[in-house]
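Written below as structure tokens is the structure these notes are about.
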Amino acid sequence: MRPRLDGMVGRSCAVFLALALAAGTMTPELSLGPVAGALEERVSAPKVKNDLIPYPKKRKRQMARYSKRHYGKRKWILSDPPVIVLHLTSGSSYRSAWNHFASNAPNRGELPGVCAHFIVGKRGTIYRVVPTKIRCRHAIGLNHKSIGIEMVQEIGSGSHWAAKQVLKRRPQIRAALRLTAHLKDRFGIRLRNVIGHAMANDSPFFKDRQGWRNDHTDWLARDVRRFRTRLRRLVS
């Protein structure tokens, strides 16, 4: 998420935005789109709480090496992602997910550890835990092309059941939809490329040079269809 002003946005708008950021009324990373200026955004930025996990140079180097192995290019920067991947934390609290991401523990024998860019709590608080300019390991084959959004929810009796809990939990689903709508608008992401983790292997952007595949079942296609239907109302 890289704040920058388009040439069409004048000096007065820049001053206004600077004052708004200083006053804390706008979240710096979510205030502007990557290409179109702020005046052209259709979906305003939701309130986001910054709670960044440690992602030092060492972890960036690990991500760059991971990208070289799996995608063919040594990079840790995420540029103009065309995909948003929805996830469930499989745990009952935001803090447990944050701690897991921050631990940078090896996953499938490789570093860096897993993470996602945002976590949406059950009460509707949106936490930004990794800037969207940085790649996260949240979906095999798509980490170089996607933003990851986690929603706090136990799996319980299964992925479909778990997604239904989120879909009917008003504060959480409203926040998740607002965040997704803003990111979709900001990066020009197509509705069909807002997908669940369970759908990642079928994405046209999927790529993994090591032959890895996702085995997660969170956010099945039928549940994502319901999510997209509600999302469409915000972006149409």
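The values are calculated or read from the model by the stated rules, or taken from the named source; none is laboratory data. This one's a predicted model, so the numbers in the text were calculated from it and none came from an experiment. Cβ atoms come from the backbone with ideal geometry, glycine included; neighbour counts cover every protein chain shown. Areas reflect the complete protein model, heavy atoms only, side chains present, ligands, DNA and RNA absent. Shrake-Rupley method; radii C 1.70, N 1.55, O 1.52, S 1.80 Å.
If you go through region 188-236 and pick out every residue that is more than 23 Å from Gly91 (Cβ to Cβ), of a type in the set (Asp, Glu) and assigned to a loop (DSSP other than H, G, I, E, B), you end up with 1.
Within region 184-206, the set of residues being touching a residue at least 60 places away in the same chain (Cβ under 8 Å), open to solvent by 40 Å² or more (accessible area, probe 1.4 Å) and either under 25 Å from Ser236 (Cα atoms) or within 15 Å of the chain's Cα centre (by Cα) (or both) comprises Gly188, Arg190, Phe205.
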